[in-house]
Structure formats: structure tokens, C-alpha cells
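A.B. asks: Dumping the structure here so I can ask a few things about it.
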Amino acid sequence: MKKKMLLLNTTVLLGLGGVLSTPAYASTIQDMELQKSQIQNQRQDVQSNIKAASDELTRLQAEQDQMKAQLERLTLAEEENNKKAQKTEADIKETSKQVDQLEKEIKLLQEKLEKRNDILKDRARSMQESGGNVEYLQVLLGSSSFGDFVDRALAVSTIVDADRGILTETKNMQDELKTKQADVKSKLASLEDMKAELDEMTVQLAAQKKQKDALAKELKDKEAKNEELKASLQSKDSSLANEQSTLEQNIKDQKAAEEAARKAAEQAAKEAAKKAAEQAQKAAAAPSEKADSPSPKAAPKAGSNDVAPTSAPAPKASNVATVGNRWIGNSAYVFGGGRSQSDINHGLFDCSSFVHWAYSQVGVNLGPLGSVSTETLKHAGTQVSSSQMQPGDLVFFDTYKKDGHVGIYVGGGKFIGAQSSTGVAIANMSSGYWKQKFNGRVVRI
């Protein structure tokens with residue numbers, strides 16, 4: 001009797017230990033905790049990159065400030081060069097006027113000199129015709145009176161003085177002509193120098209304008225790249241934060257399910273222990289002869305009273321639209337996930353691996369699991385018109401790339417798929433985000 005009770009109690013305890021042991025839950029939570037740790041590490045890396053990007057943005061901003069200062073300097077230089085060019089043009093015009101006036105004066109001087117030369121030639125010719133001298137005695141004897149004598153004498157003196165003056169004036173005019181000719185050459189040289197300077201400034205202005213335009217474009221391009229980098233990093237951090245939040249919620253839900261299962265197991269164990277104790281008491285109170293009487297039939301082994309499992313009916317292809325419902329609220333999106341049995345056991349899919357799994361559940365093989373992708377799936381069947389969609393058809397969406405997301409149409413303008421924000425879920429493709437992303441590609445397997 002004691003042996004029977006000991007055996008019974010041992011069986012109850014072993015059964016209780018088996019019920020309370022939940023390796024599947026522990027494995028799931030452990031894997032999710034590992035994923036959470038990995039995501040946290042990824043976020044740390046991303047946030048480190050964000051900090052590095054912020055530092056780079058600060059450096060680039062300082063560089064941009066320097067560029068702006070340089071642009072301002074170039075603008076000021078351009079303005080100053082324009083002013084200088086305008087002044088040079090004005091100087092050239094003024095100098096041209098002076099040259100024109102000087103040329104006129106030189107022309108008049110040359111005409112006057114020609115006239116003086118003619119007078120000197122006439123005087124010389126007259127002197128030569130009179131023998132080279134005017135006889136003073138002829139002047140006196142030829143005079144009709146003293147007054148006439150004086151006039152004649154004065155005339156001789158005046159002629160001599162006039163010749164002397166003409167000669168002196170002619171020499172002065174020749175010197176003046178040389179001086180003015182030198183001035184003209186100097187003015188022309190100065191004018192040519194100013195013209196060359198003006199041409200050089202024009203070239204410099206063009207080069208500076210080109211440099212300014214290049215700096216402006218460079219500044220604009222860097223600003224655009226900085227904004228793009230900033231947005232990309234923020235988007236990545238936000239995506240990881242959503243994944244972490246989803247995973248934390250899944251862990252919380254899984255722990256709640258584990259706790260509920262544990263409590264149910266404890267309750268079942270208590271009831272089994274109570275029943276075993278009652279049976280032991282009845283056995284102890286029974287007459288000894290009954291205890292010694294042969295048992296009519298050997299007791300069946302534990303679990304022998306359970307109904308023998310029967311093979312499930314072969315799944316139908318039409319069930320592919322609903323077979324994945326078991327993962328709704330019990331899965332998580334992992335890029336590249338769902339390609340190992342461990343991932344599948346824990347409900348870790350991406351969009352294409354979920355579709356592959358769903359079809360495998362209804363006996364349809366969509367190729368090697370390790371290489372399945374949206375690209376392989378869009379060639380896995382026959383493309384049909386979106387107006388002829390029916391449950392089970394594959395529907396494709398343009399997200400981060402063309403045909404970047406795939407799901408299974410379930411009817412009513414909805415599809416089931418592994419979404420990055422929700423895991424496996426049913427989404428509406430007749431309005432909102434997924435309507436905008438649906439590209440019309442429908443593939444019938």
C-alpha cells in the first residue's frame with residue numbers, strides 16, 4: 001500500500017514538474033530579449049552616428065558660415081571692381097577728349113609754323129635780292145625829308161627786329177611742339193595702360209563671378225546633403241525605436257501568457273494532487289482482501305485514455321488567405337527574418353518569408369526559403385489584372401523600392417502580410433497609405 005501511494009505521489013509530482021516547466025515560453029522570451037538587446041545595440045550605434053553626424057553638421061555649418069562670409073567678400077569685391085571699372089571708363093573718355101583737343105592744338109600750331117616759315121622765306125628772298133643788305137646811305141639819300149629819313153631808318157630797324165622775333169618765336173614754337181608731342185605720347189601710353197587694366201579687371205570679374213556661383217552651388221548641395229543625412233538618421237532611429245517598442249510589447253504579452261499558463265498549471269496540479277490524495281485515502285480504507293485480489297486488468301499507461309491523434313485533413317490552397325491569422329498579434333517584423341525554423345517558431349518574419357510560409361502551409365512550395373524575396377515572388381505565378389483580384393493572390397507595393405513589399409489578398413480591399421510596424425497583420429489597401437503604395441501588380445500562384 002505504501003508503495004502504491006509513493007508511486008502515485010511521485011507520478012503527481014512528476015506531472016506537476018512537467019506542467020510547470022515551460023521551455024517554449026522561456027525560449028521565446030529569451031530570443032525576444034536577445035533581439036531587444038540587439039536592437040538596443042543598433043540604436044546605440046545609430047545614435048552614435050547621429051552624434052557624429054551632428055558634429056559633422058556643426059563643422060559643415062561653420063564651413064557654410066565661412067562660405068557665406070567669402071560670398072559677401074566676393075560681392076563687395078565685385079562692387080568695388082565695378083566702381084573701379086566705371087571710373088576707368090570715365091578716365092578713358094576724359095583722356096580721349098584731352099587727346100582730341102591736343103591734336104587740334106598741334107594742328108593749329110603746325111599751320112601757324114608753316115605761315116611763319118613762309119614769311120621768313122619771303123624776307124630772306126628780299127634780302128637776297130637787295131644784295132644781302134639794305135644800304136643805310138641809300139635810305140638817307142632816298143629820303144625826301146627828315147621825317148621820311150626817320151621812317152626809313154625805323155623801317156630798317158623794324159625789319160631786322162621782326163626777323164629776329166620770327167626766328168625766336170619759331171624756335172619756341174618748335175620746342176612747344178616737341179613738348180606737346182611728348183605729352184600726347186604719354187597720354188596715349190597712359191590710355192593704353194588703362195585700357196589693358198580695364199580688360200584685366202573684366203577677366204577678373206568674370207572669374208570671381210564664376211567662383212561665387214560655384215561656391216553658392218556647393219553651399220546649396222551641402223545643405224541638401226546635410227538635411228538628407230539628418231532625415232535619414234532620424235528615420236532610422238525612429239524605425240528602430242518602433243521595433244524596440246513592438247518587441248517590448250511582445251515580451252510583455254508573452255510574459256503575461258506565461259504567467260497565465262503557470263497559474264493554470266498550478267491550479268491543475270493542485271486539483272490532481274487533491275484527487276490523488278482522495279484516491280490514496282480510499283485505497284487505504286479498502287479491505288485487505290480486495291487489496292490482495294488480482295487486478296482485473298492492468299491499468300493503462302499515462303495518457304493511454306487520450307484520443308489517438310488523427311491526421312489533419314489536407315489543407316486547401318484557398319486557406320492561404322487565412323492560415324496566417326495565427327500570427328496576428330503574435331509576431332514581429334525582422335528584415336531578413338523567417339528563413340530559419342527558429343525564426344518561424346517565434347513568429348519572426350519579413351514580408352516575403354511570411355508569404356512563403358503561408359503557402360507552404362497549404363502545400364505550395366515557392367522555392368528555396370533562404371533566397372525568397374519580393375523579386376522571386378513576383379515571378380512565381382501568373383500576373384492578373386487588379387480588377388480580378390481574389391483571396392490568395394499576391395499583391396505588391398512600392399515602398400522603399402519598386403515591389404518592395406508583398407502581401408496576400410484576403411478580400412474586401414484588404415491583405416495580410418508582415419508589416420514592419422505591426423508584424424503580421426491585416427491592412428487596408430483600398431484607402432490611406434497602402435492604397436498610395438499599391439502598384440497594381442497582382443500575381444496568382
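The values are calculated or read from the model by the stated rules, or taken from the named source; none is laboratory data. Predicted, not measured: the structure shown is a model, and the values here were computed from it. Please note: Cβ atoms are built from the backbone with ideal geometry, for glycine as well, and neighbour counts cover all protein chains shown. Heavy atoms of the whole protein, side chains included, go into the accessibility calculation; ligands, DNA and RNA do not. Shrake-Rupley method; radii C 1.70, N 1.55, O 1.52, S 1.80 Å.
A.B. asks: I'd like to check something: does region 65-75 contain any residue that is surrounded by 13 or more Cβ atoms within 10 Å (Cβ to Cβ), more than 30 Å from K220 (Cβ to Cβ) and modelled with pLDDT under 80?
C.D. replies: Within region 65-75, none of the residues are surrounded by 13 or more Cβ atoms within 10 Å (Cβ to Cβ), more than 30 Å from K220 (Cβ to Cβ) and modelled with pLDDT under 80.
A.B. asks: Could you check region 353-394 and list, in sequence order, the residues that are open to solvent by 60 Å² or more (accessible area, probe 1.4 Å), among the small types (G, A, S) and not in a loop (DSSP other than H, G, I, E, B)?
C.D. replies: Of everything in region 353-394, those that are open to solvent by 60 Å² or more (accessible area, probe 1.4 Å), among the small types (G, A, S) and not in a loop (DSSP other than H, G, I, E, B) turn out to be G370, S371, S387.
A.B. asks: Continuing with the same structure: Being surrounded by 12 or more Cβ atoms within 10 Å (Cβ to Cβ) and within 11 Å of K230 (Cα to Cα) is the filter here, so list the residues in region 36-59 that pass it.
C.D. replies: N49, I50, A53, S54, E56, L57
A.B. asks: Tell me yes or no: at least one residue of region 341-359 is without any contact (Cβ under 8 Å) to a residue 12 or more places away in the chain, under 28 Å from N250 (Cα atoms), acidic (D, E) and in contact with a Gly (Cβ under 7 Å, 6 or more places away or on another chain).
C.D. replies: Yes, some residue in region 341-359 is without any contact (Cβ under 8 Å) to a residue 12 or more places away in the chain, under 28 Å from N250 (Cα atoms), acidic (D, E) and in contact with a Gly (Cβ under 7 Å, 6 or more places away or on another chain).
A.B. asks: Something else about it: Going residue by residue through region 416-437, is there one that turns out to be over 24 Å from E243 (Cα atoms), without any contact (Cβ under 8 Å) to a residue 40 or more places away in the chain and surrounded by fewer than 20 Cβ atoms within 10 Å (Cβ to Cβ)?
C.D. replies: The answer is yes, given that some residue of region 416-437 is over 24 Å from E243 (Cα atoms), without any contact (Cβ under 8 Å) to a residue 40 or more places away in the chain and surrounded by fewer than 20 Cβ atoms within 10 Å (Cβ to Cβ).
A.B. asks: Restricted to region 320-329, and to residues that are over 12 Å from A418 (Cβ atoms) and either assigned to a loop (DSSP other than H, G, I, E, B) or free of Cβ contacts under 8 Å to residues at least 24 places away in the same chain (or both), which residue is least open to solvent (accessible area, probe 1.4 Å)?
C.D. replies: Per the criteria, the residue is G329.
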